[in-house]
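Reading through the structure tokens given below for one structure.
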Amino acid sequence: MAYDPTKPANGAPIVSAELRNQFAGLKTLMDTQAAQIATLQTQVAQLQTSVASKATKPTAGELDPGYSDPPTYADLMAIQGFINDLVQQLEN
């Protein structure tokens, strides 16, 4: 039985089967969330490994540190493009 937050009703007599079902439903929810968290942790670890491996290898999309000081409009647009690309990659 799935967890039902409306049970037991206020003032209702305690029924052991109903409480067992509620606890079983909560356990199912916690187990599901634990599995989801484990999956997300694995994905984060893989992403960190991927980012770490790319950080040691220069790529074509790497941010060029050779901007002028103060940066020109073109420099700022290049940085904005880099950030937009990064956000798009993180969303995928």
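Exactly one of (1) at pLDDT 85 or above; (2) of a type in the set (D, E); (3) surrounded by fewer than 10 Cβ atoms within 10 Å (Cβ to Cβ) is unmet by E18. Its number?
Unmet condition: (3).
Looking at T42, is it without any contact (Cβ under 8 Å) to a residue 24 or more places away in the chain and of a type in the set (V, I, T)? Can you show your working first?
Values: without any contact (Cβ under 8 Å) to a residue 24 or more places away in the chain: yes; of a type in the set (V, I, T): yes.
Here the answer is yes, as T42 does meet what is asked.
The values are calculated or read from the model by the stated rules, or taken from the named source; none is laboratory data. Because the structure is a prediction, the values reported are computed rather than measured. Don't worry about glycine lacking a Cβ; one is built from the backbone with ideal geometry, like all the others, and counts go over all protein chains shown.
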